[in-house]
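Novice: Input: one structure, supplied below.
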Amino acid sequence: MSQQPENAIAVMDVGSAKVRVLVAEIQEGALRYRGHGIADAEGMRKGMIADLRPATEAINRAATAAEKSADTTIEKCIVTVGGPHIRGVNSRGGISLGARLREIARDDVRAAIDRARSISLPADREILHLLPQQYILDEQPGILDPVGMIGNRLEVNLHIATASASALQSLVTCANRAGIEITETVFEAIAAAEATLTAQERELGACLVDIGASTSELVVFFEGSVAHTSVIPIGGDHFTNDLAIGLRVASPEADFLKMHYGNATVTAVPQLSEVEVTGLQGYEPRVVRQRMISEILEPRARELFQMLRDNLRQGGVLEALGAGCVLTGGGSRLPGMLDTAESLLRVPARIGSPVPLSRMPSELAVPECAVLTGALLYAHRTSQSRAEEDQSLRAKLRAIFAGSL
């Protein structure tokens, strides 16, 4: 098995239900699928690592399967991060450029961002993303890239996404024990948005909700930039647990019933439809109304979107969803979720499936893999941006040295 080539990118999504690893290679500037691996998650609780040993083993199984599929060794990887510990905050800061007007350089932009990020954070918080929303040059707002413009004072509105330092370290430790170096961390909702949201939706205003097993991560875009990030502590497992308790069945049976007969809208289920249910061990199978399943699922779905609505209102972005709401993740596939979202948020909603890569198998082009595919697209885009900046810097240095000769 060959070593990880320089043009290969590996990403990993460590969820509460599954650990997924995807490997792609860059050919002529485009991403091409190379291999993937999926393993059942272990050692996870509420979207966070609770037991290092089984979590490490799950990561190792997924990575080994991906290595075999891609015929390469995974040495470095980008990992997605989610869970209730994620926090987002908006900040503003800036720098004075002196008494005279002068041209804005890339270093000035970095200095303004550094000033805006200088907010007081608890000791256990670590910054995941610094996301500029807009630049303000001499009180002129709405500037996307001020480099090359002329002015006296440069300010920036910045969105800062933070995570628990201990939760991040646990994830890095598990990956390291599995023989993988983590090079970058990406918030799950931002990764999912990369694979599902259109440029028009980002501009008009849209909320992306990744409904995972334990939690639902969200990000709101407005005028092309991130305006809000947060996490709702409800996921697909809560629906399954409700069914297990309400119908007195084991969790695997409850999950089967949810996926094959569930609906988040009671009125969408025929009144006379019935389903055979296998009860707990020692009990005979019985027949229940299919509507009874939906009567258990609907209140949980309404709770999820009520909490989402309240979260968006508190974040000041509820009225900014001009393009509506996009649902992705495994939990989005429950029938009736779109109707519930549209009813409570009062905006149009759709299911977001990831854009498939070249040669990628169809089994990965599903909402459950939006985070995984999006992380790959995010990594590719940011690496290209860094390469362009480095190339621009080298060109300027060459010009400076050429001028001094």
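Novice: Please state, to two decimals, what the Cα-based radius of gyration of the chain comes to when divided by 2.2 N^0.38 Å (N = residues).
Specialist: Dividing the Cα Rg of the chain by 2.2 N^0.38 Å gives 1.09.
Novice: Using a Förster distance of 25 Å, how high is the FRET efficiency between Met307 and Thr267, based on the Cβ-Cβ distance and rounded to 0.05?
Specialist: Working from the Cβ atoms, E equals 0.65.
Novice: How far is helix 106-116 tilted, in degrees, relative to the longest principal axis of the Cα atoms in the chain, given as a value from 0 to 90 rounded to the nearest 10?
Specialist: Long axis of 106-116 versus the principal axis of the chain: about 50 degrees.
Novice: Turning to a different aspect of this structure: If I take every Cα pair under 8 Å that is 6 or more residues apart in the chain, average their sequence separation and divide by the length, what percent do I get for the relative contact order?
Specialist: 16 percent
Novice: At a 10 angstrom cut-off on C-beta neighbours, averaged per residue, how do the peptides 296-303, 164-171, 359-366 rank from highest to lowest?
Specialist: By packing density, highest mean first, the sequence is 296-303, 164-171, 359-366.
Novice: Consider a paramagnetic label point 7 Å from the Cα of Ile150 along Cα→Cβ; state which residues of segment 86-109 have an amide N under 16 Å from it.
Specialist: 97-105, by backbone N distance to the label point.
Novice: Let me ask something else. Rounded to whole Å, give me the distance from the Cα center of segment 38-83 to that of segment 339-377.
Specialist: Between the Cα centres of segment 38-83 and segment 339-377 lies a distance of 21 Å.
Novice: With every atom except the alpha carbons ignored, what do you get for Rg and Dmax of segment 87-162, in angstroms?
Specialist: Cα-based Rg and Dmax for segment 87-162 come out at 12.8, 42 Å.
Novice: Please give the net charge around Val288, taking every other residue with its beta carbon less than 10 angstrom from that of Val288, where Lys and Arg add +1 and Asp and Glu add -1.
Specialist: +1
Novice: Something else about it: Among residues other than Ile127 whose Cβ falls under 13 Å from its Cβ, what is the net charge (Lys/Arg +1, Asp/Glu -1)?
Specialist: Overall, the nearby charge balance is -1.
Novice: With the contact rule set at Cα under 8 Å and sequence spacing of 6 or more, what percent relative contact order holds for segment 150-307?
Specialist: The value is 14 percent.
Novice: I'd like the FRET efficiency for Met259 and Ala50, computed as 1/(1 + (r/R0)^6) with the beta carbon distance as r and R0 of 35 Å, rounded to 0.05. Working shown, then result.
Specialist: On the way: r = 26 Å, r/R0 = 0.73.
For Met259 and Ala50, the calculated efficiency is 0.85.
Novice: Further question on the same structure: Can you put Ile150, Ile160 in order of Cβ neighbours within 10 angstrom, beginning with the fewest? Walk me through the intermediate numbers first.
Specialist: On the way: Ile150 13, Ile160 21.
Ranked by crowding around the Cβ, least crowded first: Ile150, Ile160.
Novice: Another one. What do you get for the angle between helix 165-177 and the principal long axis of the chain? Use alpha-carbon atoms, 0 to 90 degrees, nearest ten.
Specialist: 80 degrees
Novice: Follow-up. When Rg is the radius of gyration of the Cα atoms in segment 203-321 and Rh is its Kirkwood radius, what does Rg/Rh come to?
Specialist: Rg/Rh for segment 203-321 comes to 1.10.
Novice: Separate question: Please arrange Ser294, Ser383, Ser273 by counting, for each residue, the other beta carbons lying within 10 Å of its beta carbon, fewest first.
Specialist: Going from least to most buried by this count: Ser273, Ser383, Ser294.
Novice: Return one number: the angle in degrees, 0 to 90 and rounded to the nearest 10, between the long axis of the Cα atoms of helix 251-261 and the longest principal axis of the Cα atoms of the chain.
Specialist: Taking Cα atoms only, the helix is inclined about 90 degrees.
Novice: Evaluate E = 1/(1 + (r/R0)^6) for Glu319 and Ala105, where r is the Cβ-Cβ distance and R0 equals 35 Å; express this FRET efficiency to the nearest 0.05.
Specialist: 0.40
Novice: From the square roots a ≥ b ≥ c of the eigenvalues of the alpha-carbon gyration tensor of segment 10-104, which class results: rounded (a/c under 1.5), prolate (a/b over b/c), or oblate?
Specialist: oblate
Novice: Please give, to one decimal in nm, the separation of the simple spin-label points placed at Ser251 and Glu276, each 7 Å out from Cα toward the Cβ.
Specialist: Roughly 2.6 nm, to one decimal.
Novice: Please go through segment 248-284 and write out the chymotrypsin sites (Phe, Trp or Tyr not before Pro) that DSSP classes as loop and that have at most 16 other C-beta atoms within 10 Å.
Specialist: Filter output for segment 248-284: Tyr283.
Novice: When only C-alpha pairs under 8 Å and at least 6 residues apart count, what is the relative contact order of segment 248-313, in percent?
Specialist: The normalised contact order for segment 248-313 reaches 33 percent.
None of the figures in this text is laboratory data; all of them are computed from the coordinates on show. Every value quoted in this text rests on a predicted model; they were computed, and no experiment measured them. When we count neighbours, we look across all protein chains shown, and the Cβ atoms used for this are built from the backbone with ideal geometry, even at glycine.
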